[in-house]
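Colleague: Before we start, here is the structure in question, set down as C-alpha cells.
The values are calculated or read from the model by the stated rules, or taken from the named source; none is laboratory data. All values reported here derive from a predicted model rather than from experimental measurement. All Cβ positions, even for glycine, are placed from backbone atoms using ideal geometry, and neighbour counts span all protein chains on display. Heavy atoms of the whole protein, side chains included, go into the accessibility calculation; ligands, DNA and RNA do not. Shrake-Rupley method; radii C 1.70, N 1.55, O 1.52, S 1.80 Å.
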Amino acid sequence: HPAHAWNVPAMRKALATGLDYYQANFGPYQFGHARIIEFPGYSGFAQASAEIVPDTTLTIGFRLTSDRRNFYGTNKLGATQFPWVRSKRTYSSPSGRLSLDHKFTPELMGYVAYNRGPKSGLSTISGVSGGQTALPVGIEGQPEAVNAYTVGFKSEFLDRRVRLNAEAYYYDFSNIQI
C-alpha cells in the first residue's frame, strides 16, 4: 500500500529502540539481521448453492485475493552493518470451491468437494559471509497453492443426541513453504 512508506522510518526507529532495550537488559542480540514485514491484503468472495435434484445441493464459490509483501531488512557481519533493503511484491490469485452434497435421510448427509487455496510468496534476505561488501538481494518465493479433495459424511442419531462425522481428504501442494 503506497501510504505505508511514510511509516517505515517509525518502524525502523521502534525496532532499533527495541533492540537497544534488549541488549541493555538481556545481553548481546544473538542474530545478525533484523526484518520488518508487512502483509496488507484484500480479497472478495462469492458463493452460491442450489438444489440441482431433490436432496442434492451443488455449491460453487469464488475468491480473488491480492496480497502484498513489503519487506525491509538488514544484516550485520562482525562490525559491518549493511544498509536497509526493501523488497515489494504483490501476489494475486483466484481460488474457489466446488462441492456436491446429498441428504440420504434427514439424519445422514454425504458430500464430495474440491477447494483451491493460495498463500502468497515469502520474502527474506539471505545471510552474509566473510568478505562481503554488500547486502545480498532479497529472496522471494513463489506463491503456495493447495488443491484439496474431500469426501465425507455427517450424521445425527438418537434424536440428535449423537453425532458421527467422518472425512477423508487429499491435499496436493505446489511451491510449499515450510
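Colleague: Quick one: how many Å² of L64 are accessible to a 1.4 Å probe, rounded to 10?
Modeller: Ignoring ligands and nucleic acids, L64 comes out at about 90 Å².
Colleague: Further, regarding this structure: With all protein chains present and a 1.4 Å probe, how do E156, E107 order by accessible area, largest first?
Modeller: The most accessible residue leads, giving E107, E156.
Colleague: Another one. Students often check this: by mean Cβ neighbours within 10 Å, which of 10-16, 95-101 ranks highest, and how do the rest follow?
Modeller: Ranked from most to least packed, the peptides come out as 95-101, 10-16.
Colleague: Could you tell me the accessible area of D55 in Å² (1.4 Å probe, neighbours in place), rounded to the nearest ten?
Modeller: Roll a 1.4 Å probe over it and D55 shows about 80 Å².
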